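Asks: Have a look at this one.
What follows is calculated from the coordinates using simple rules that are stated; it is not laboratory data. These numbers come from a predicted model, not from an experiment. As a convention, Cβ positions derive from the backbone with ideal geometry for all residues, glycine included, and neighbour counts pool all protein chains shown.
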There are 2 protein chains.
Amino acid sequence: MKYEAVTIKDIAKELGLSTSTVSRALRDSYEISPETKKMVLEYAEKINYRPNPIALSLKEKRTRSIGIVVAEIANSFFSQIINGIESIAYDKGYNVIITQSHESFERELINVQYLASRSIDGLLISLASETRDLSHLKHLHERGYPIVFFDRIVDEIDTHKVIVDNKKGGYDATKHLIESGYKHIAALANAEYLSITRDRLGGYQAALEDHKIKYDESLVKFCLHGGLVYDEVEQALDSLFKQKKKPDAIFAAADKLTTNCLRYFKARGIRVPQDIAVIGFSNIDLTELLSPSLSVVRQPAFEMGQVATELLLNLIESKRPVKDFETKMLQPDLFIRESTSRKK
Amino acid sequence: MKYEAVTIKDIAKELGLSTSTVSRALRDSYEISPETKKMVLEYAEKINYRPNPIALSLKEKRTRSIGIVVAEIANSFFSQIINGIESIAYDKGYNVIITQSHESFERELINVQYLASRSIDGLLISLASETRDLSHLKHLHERGYPIVFFDRIVDEIDTHKVIVDNKKGGYDATKHLIESGYKHIAALANAEYLSITRDRLGGYQAALEDHKIKYDESLVKFCLHGGLVYDEVEQALDSLFKQKKKPDAIFAAADKLTTNCLRYFKARGIRVPQDIAVIGFSNIDLTELLSPSLSVVRQPAFEMGQVATELLLNLIESKRPVKDFETKMLQPDLFIRESTSRKK
DNA sequence: TTCGTTACCGGGAACGATTGCGTAAAAAAA
DNA sequence: TTTTTTTACGCAATCGTTCCCGGTAACGAA
């Protein structure tokens, strides 16, 4: 079914004018007489004319759209970021195209390629947890394509980046557990090579050191898909509890890891925090309604989206190639609730 | 910062060919000699040529993209629907552009207009709760623009629609409350004129009648934004509890309404289900982790997205105008948990 | 030698909109 | 009246790609 749209030619033909005159009349050019303008405007209104953005994009080599790649929009952290992105983008007259990688490298590649092939003016991306090969992004970046990384960033590509202080988040969470009397603190993290994993575990390790607790590698488990699939978390926790030295607390370094931990404990009748304390990175807005209510490290996701978008729009609208890139770091917040209540 | 992309002209110039020849070589036309093809293909590969989808869209009058308008991607119901939509769309080679109305009519209008102005081939939409004026959609539909409604539909526009059996959902939930011994069952619903409100309350009312309980209008409250803002729910519940006839159970007809009810009760120390039972429409995947775990009517959201997308692609790819439209109805599931446990 | 094929390739219009430039006619200045 | 200026519009190029027409070699057949 073809949807035939009204074009400037239809107006021109109907009114016996040239397309240039119609175009200028619509843009209120001084070169067009008031009578002609009125006639064009009225007829355009009557037949509900809308300029074709595709044609404009082709001519102007810009689309006034920006692309987003996130792991999962179902993840509160990302949906809050997207809301932050939209709040800035729409103000500046940009549209936003959202895509999901579902933590898959292949899907990320497809999305980036689709977005980059000139359907958008710039890209905001948080890497999929599977992604190790960055050539698709390097290629774009080398050719001057505006890219801003947020959340999951990479060192190899020099551009604007926005993150939270993940090390501090991991440190604060671990410190809180230690000070609450927990001794054997396990950590559950996303894929090992991700920036957020490195930093959050770095904070975890630093807190242990500062409190003279020996770092025990066997207490740290990784989930390649960030807990997106429950099995992954189940396996990690199974192996954690099979060890002779059982943890009495766990620090989960991502949203899905945290909730899937709770699910695992509930399924097995392991009581939180009596049997094990739980704290995790999470931005879900139901934490206080959970049983037990959940202690979390919360990231300023909305703000993160705003900052990233501002940086991206700067890149896009800059006249000259930008060589001076910055990495903005926001501060996470620690919320103490029942799931880590002090050990008796 | 301008990002200069490689075009077919660059290849033509470098190789001393015409653009037509290069174009044909790239599309493997029989009219081009094997040597020329090889040369073009290799050079295109070398400089990483990608066809410009904007130019193609302009020429072919199609974009192979479909647009989505939902209230909130942060809402699990909608994010599950989106995943269903993507699963079908990507298989068929379509890209998906997601937009949010945030329950605002104005935002919906902007999004629909942006999407419809030929950036997409068809539209999947669940109306914003504020939306009463449908002229923006009627206009498009009359001109043959492919539209499929899901979740929140309208009678006035005759096209494909996908819903769940909302009346049954409301009926089952209410029946369950009645059979558990609750007498004064309140209902909290979305904006009054929405199809989902009408149907779900219809089920509620039918269940009351079938059990010889008189329908009491004062026990039914509406929230214009579907509980998106907490205040709205707070006001509704305040007025509900100020009445002399206090409810002993509540049926919340939407996701955010349900969780905000729990939040309200928790804040005021009202115990669920001892003081009041709660059941609601919800697709959040944390219901069993809540305190108390939540009884819900769950919709097959993923499937809904799939069905809607299949219908839309049928419309888009149909050669002749489609006049025969259908409304597909899926079945909701009732999950009984602690929040409605039998009254003593 | 000449005609007909076949194999290859180029020119140019088209998609919808903008815009620099050219130019009639009308108005103003000389 | 003549010249200049202003007004108000049209022509055509442009963006990147496809595709309908052609066109021109080379080669075999008559």
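Asks: If one puts a single equal scatterer on every Cα of segment B:1-136 and applies the Debye formula without solvent, what log₁₀ I(q)/I(0) results at q = 0.17, 0.21 Å⁻¹?
Replies: Normalising to I(0) and taking log10 leaves -0.92, -1.16.
Asks: Rounded to the nearest 10 degrees, what's the angle between the helix A:166-179 long axis and the longest principal axis of chain A, both from Cα atoms, 0 to 90?
Replies: Taking the Cα atoms of chain A, the angle to A:166-179 is about 30 degrees.
Asks: Moving on. Provide an ascending nm list, one decimal, of label-point separations from B:F241 to the equivalent residue in each further copy; define each label point as 7 Å from Cα along Cα→Cβ.
Replies: Its label point is 3.7 nm from the equivalent points in the other copies.
Asks: From the residues B:I11, B:S195, B:G122, which one has its Cα farthest along the dipole of the protein assembly as shown in the positive direction, the dipole being from +1 and -1 charges on Cβ of Lys/Arg and Asp/Glu about the Cα centre?
Replies: B:S195
Asks: Quick check for me: using +1 on Lys/Arg Cβ and -1 on Asp/Glu Cβ, what's the dipole size of chain A about its Cα centre, in debye to the nearest 20? Write out the running numbers ahead of the final one.
Replies: Numbers: 48 positive and 48 negative charges, 60 e Å.
With Lys and Arg at +1 and Asp and Glu at -1, about 280 debye.
Asks: Would you tell me which residue of chain A has the beta carbon closest to the rotation axis bringing chain A onto chain B, and how many whole Å away it is?
Replies: Per the Cβ-to-axis criterion, the result reads A:S291, 1.
Asks: Continuing with the same structure: Which whole-Hz ³J(HN,Hα) couplings does segment B:19-33 yield from phi under the Karplus relation 6.51 cos²θ - 1.76 cosθ + 1.60, θ = phi - 60°, glycine and proline marked x?
Replies: In residue order, the calculated couplings are 5, 4, 5, 4, 4, 5, 4, 5, 9, 6, 6, 5, 7, 10, 5 Hz.
Asks: Moving on to the next point. Using the beta-carbon distance between B:R50 and B:E217 and R0 = 45 Å, what value does 1/(1 + (r/R0)^6) give for FRET efficiency, to the nearest 0.05? Intermediate values should be presented prior to the final figure.
Replies: Working: r = 61 Å, r/R0 = 1.36.
So, using R0 = 45 Å, E works out to roughly 0.15.
Asks: List, in order, the whole-Hz ³J(HN,Hα) value for each residue of segment B:37-53 obtained from phi through the Karplus relation with A = 6.51, B = -1.76, C = 1.60 and θ = phi - 60°; use x for Gly and Pro.
Replies: 4, 4, 4, 4, 4, 5, 5, 4, 4, 4, 8, 6, 5, 10, x, 7, x
Asks: I want to verify the translational diffusion coefficient of segment A:8-51 in µm²/s; compute it with Stokes-Einstein, Rh as the Kirkwood radius over Cα pairs, at 4 °C and 1.567 mPa s. Before the final figure, lay out the partial values.
Replies: Numbers: Rh = 10.0 Å.
It diffuses with D of about 130 µm²/s by this estimate.
Asks: Still on this structure, please answer the following. From the label point of B:L41, set 7 Å from Cα along Cα→Cβ, how far away are the matching label points in the other copies, in nm, ordered shortest to longest?
Replies: With the label placed 7 Å along Cα→Cβ, B:L41 yields 5.6 nm.
Asks: What are the lysines whose alpha-carbon lies under 23 Å from the alpha-carbon of A:K59, with same-chain residues fewer than 8 places away excluded?
Replies: A:K9, A:K13, A:K92, A:K319, B:K2, B:K9, B:K13, B:K59, B:K61
Asks: Non-local amide H neighbours of B:V220 (under 5 Å, H modeled in plane, Pro and chain starts lacking H): which ones?
Replies: Here the answer is B:A187, since their amide H atoms fall under 5 Å of that of B:V220.
Asks: Return the long-range amide H neighbours of B:V162 (sequence gap of 5 or more, or a different chain), with a cut-off of under 5 Å between placed amide H atoms.
Replies: Under 5 Å from the amide H of B:V162 lie the amide H atoms of B:F149, B:F150, B:D151, B:K328, each far enough along the sequence or on another chain.
Asks: Another question about this same structure. Any chance you could run the full-extension gain for B:K183 through B:E106? It's 0.36 nm times the residue separation minus the Cα-Cα distance, nm to one decimal.
Replies: Here the answer is 23.6 nm.
Asks: Note the full-extension length gain between B:T327 and B:N314 as 0.36 nm times their separation in residues minus their Cα-Cα distance, in nm to one decimal.
Replies: Using 0.36 nm per residue and subtracting the Cα-Cα distance, I get 3.3 nm.
Asks: May I pose another question? Can you count the Lys pairs in segment A:199-281 whose Cα atoms are under 26 Å apart, with each pair 8 or more apart or on different chains?
Replies: Lysine pairs satisfying the spacing and distance rule in segment A:199-281 number 23.
Asks: Among bridges DSSP assigns within chain A, what percent are antiparallel (round to 5)? It would help to have the intermediate numbers written out before the result.
Replies: Numbers: 3 of 37 bridges.
Rounded to the nearest five, the antiparallel share is 10 percent.
Asks: A further question follows. Can you give me the relative contact order of segment A:8-51 as a percent, contacts being Cα pairs under 8 Å and 6 or more apart?
Replies: Details: 30 pairs, mean separation 15.6, N = 44.
Relative contact order, segment A:8-51: 35 percent.
Asks: Please give the average number of partner chain Cβ atoms lying within 10 Å of the Cβ of each residue in A:67-75, rounded to a whole number. If you can, show how the numbers build up before the last one.
Replies: Numbers: counts 0, 1, 0, 0, 0, 2, 9, 11, 2.
Mean partner shielding for this stretch: 3.
Asks: Ok, one more. Taking the Cα centre as origin and putting +1 on Lys and Arg beta-carbons and -1 on Asp and Glu beta-carbons, what dipole magnitude results for segment A:8-51, to the nearest 20 debye? Don't skip to the answer; put the middle values down first.
Replies: Details: 8 positive and 7 negative charges, 26 e Å.
Its charge dipole is roughly 120 debye.
Asks: What number, rounded to the nearest 500 deg cm²/dmol, is the helix-based mean residue ellipticity at 222 nm of chain A, given -39500 (n - 2.57) per DSSP H run of at least four residues and division by all its residues? Before the final figure, lay out each step's value.
Replies: Details: 12 runs with 147 residues, N = 344.
Result for chain A: -13500 deg cm²/dmol, rounded to the nearest 500.
Asks: Starting with the highest mean, order A:309-319, B:169-179 by the number of other Cβ atoms within 10 Å, averaged over the residues of each peptide. Before the final figure, lay out the partial values.
Replies: Numbers: A:309-319: 19.3, B:169-179: 22.5.
With the highest mean Cβ count within 10 Å placed first, the list reads B:169-179, A:309-319.
Asks: How many Cβ atoms of partner chains, on average, are near each residue of A:94-105 if near means within 10 Å of its Cβ?
Replies: On the way: counts 0, 7, 4, 7, 8, 5, 7, 0, 2, 0, 0, 0.
Per-residue shielding by partner chains comes out at 3.
Asks: Would you tell me the mean number of C-beta atoms belonging to other protein chains that fall within 10 Å of each C-beta in B:255-267, as a whole number? Let's see the in-between values first.
Replies: Working: counts 0, 0, 0, 0, 3, 1, 0, 3, 4, 0, 1, 3, 1.
Partner-chain Cβ atoms within 10 Å, mean over residues of B:255-267: 1.
Asks: Could you tell me how many degrees, from 0 to 90 and to the nearest 10, lie between the Cα long axis of helix A:195-210 and the main elongation axis, the longest principal axis, of the Cα atoms of chain A?
Replies: 30
Asks: From the label point of B:L134, set 7 Å from Cα along Cα→Cβ, how far away are the matching label points in the other copies, in nm, ordered shortest to longest?
Replies: 5.1
Asks: By how many degrees, between 0 and 90 and to the nearest 10, does the Cα long axis of helix B:76-91 differ from the longest principal axis of chain B?
Replies: Roughly 30 degrees, rounded to the nearest 10.
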